[in-house]
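Some notes on the structure that comes next.
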Amino acid sequence: MPNDESDRRWLKLTTLWNFSSCEPAFGFPFPGRIPGQIVRNVLYYFTGPNALVVDPFGGSGTTLDVCRHMERRCLIYDLQPSRDDITKYDISHGFPKEAQGCDLIFLDPPYWRQKRGKYPKEEGSFSVVSLDEFNRKMEKLISDCYDTVKEGGYTALFSQNPTELRGKMAVSCRHYVDHVIDGYEFFIRAGFSPVYRINCPLTWEQFAGFDVKDAKANKRLLGLVRDLLIMKKGP
Ligand SMILES: C[S@@+](CC[C@H](N)C(=O)[O-])C[C@H]1O[C@@H](n2cnc3c(N)ncnc32)[C@H](O)[C@@H]1O
């Protein structure tokens, strides 16, 4: 089990949330799994005990495991569930009724096509569509979040910038694309108020020797920037 709440080594005091590995008790090895410590900080700062937390992009179940550990209620969905305790659901259709009035929505969508070979290819998937369609889906999703979260509640968006990614994705993005900036605009249009932009950098370990060589040869910067937007419904 993870450290108990009296051991607060996971707790961050600034807007830099850097973790070099994933706490093993939260989620399991999965493409795009995020450190549970990030979810833990989100729940610590923006929810209280027994709060209802909703995660429509469940992945390995990181959010569910952290909610159980911190005694929050959790509704968790995925287009292709990896575990029995994640409900199969396509969030393109809007949030299920049971999510209405929740305290916090945690969004960790595919970063467009970054892992398209590893996520579901079925209709509805955020990772197999064009960039325009991805943005349409994101804008609708964020507007649905506004209609679903309670007044005074929060929505968190975890994302990164594909132009900074390695290999084919970097090459295929001929113009500048930034999911965090796009997401911010969708939040403002939906009526949310900004609370924080938190930097959750990736670590060097993700780059292979090939990436470093390729980046040097092409004078390209390897991307480690990854951000978490915290937005509030209400002033
Ligand atoms: C970045 S992963 C989430 C990782 C998760 N936070 C974790 O720590 O394990 C994104 C997930 O979104 C799911 N997904 C893609 N399109 C979806 C959709 N339309 N509705 C629900 N889930 C979707 C994928 O199956 C994938 O599991």
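The values are calculated or read from the model by the stated rules, or taken from the named source; none is laboratory data. Quick caveat, the model's predicted, so the values are computed rather than measured. Neighbour counts are summed over all protein chains in view; Cβ atoms, including those assigned to glycine, are modelled from backbone coordinates with ideal geometry.
Within the stretch 84-95, restricting attention to residues that are charged (D, E, K, R) and in contact with an Asp or Glu (Cβ under 9 Å, 6 or more places away or on another chain), the residue that is nearest to the ligand (Cβ to nearest atom) is 90. Here residue 123 fulfils each of the conditions (1) loosely packed, with under 13 Cβ neighbours inside 10 Å; (2) within 12 Å of the ligand (Cβ to nearest atom); (3) closer than 27 Å to residue 35 by Cβ apart from (3).
The residue that is farthest from residue 230 (Cα to Cα), among those in the stretch 98-120 that are touching a Gly at 6+ places or on another chain (Cβ under 7 Å) and more than 8 Å from the ligand (Cβ to nearest atom), is 102. Considered as a group, the residues in the stretch 127-144 that are touching a residue at least 24 places away in the same chain (Cβ under 8 Å), within 12 Å of the ligand (Cβ to nearest atom) and of a type outside the set (D, E, K, R) include one that is surrounded by the fewest Cβ atoms within 10 Å (Cβ to Cβ), and that residue is 138.
Of the candidates 108, 90, the single residue that is crowded, with 22+ Cβ neighbours inside 10 Å and within 17 Å of the chain's Cα centre (by Cα) is 108. Look at residue 81 and say whether it is within 10 Å of the ligand (Cβ to nearest atom), in contact (Cβ under 8 Å) with a residue 24 or more places away in the chain and of a type outside the set (A, V, I, L, M, F, W, C). Considered against the rule, which asks whether it is within 10 Å of the ligand (Cβ to nearest atom), in contact (Cβ under 8 Å) with a residue 24 or more places away in the chain and of a type outside the set (A, V, I, L, M, F, W, C), residue 81 comes out as no. When the test is whether a residue is in a loop (DSSP other than H, G, I, E, B), of a type in the set (Lys, Arg) and under 21 Å from residue 64 (Cα atoms), residue 113 does not pass it. Based on what the data block shows, is residue 68 in a helix (DSSP H, G or I) and either more than 9 Å from the ligand (Cβ to nearest atom) or at pLDDT 95 or above (or both)? Yes; evaluated as a whole, the condition is true for this residue. Anything in the stretch 20-37 that is in a loop (DSSP other than H, G, I, E, B), within 12 Å of the ligand (Cβ to nearest atom) and either within 14 Å of residue 199 (Cβ to Cβ) or out of contact with any His (no Cβ under 9 Å at 6 or more places or on another chain) (or both)? List them, or say none. 22, 23, 27, 28, 29, 30, 31, 32, 33, 34, 35, listed by residue number. Any residue in the stretch 52-65 that's within 11 Å of residue 28 (Cβ to Cβ): show its pairings with residues that are more than 6 Å from the ligand (Cβ to nearest atom) and not in a strand (DSSP E or B) at Cβ separation under 6 Å, as long as the two are six or more apart or on different chains. Hits for this filter: 60/28; 60/82; 61/83; 61/86; 62/26; 62/36; 62/39; 65/26.
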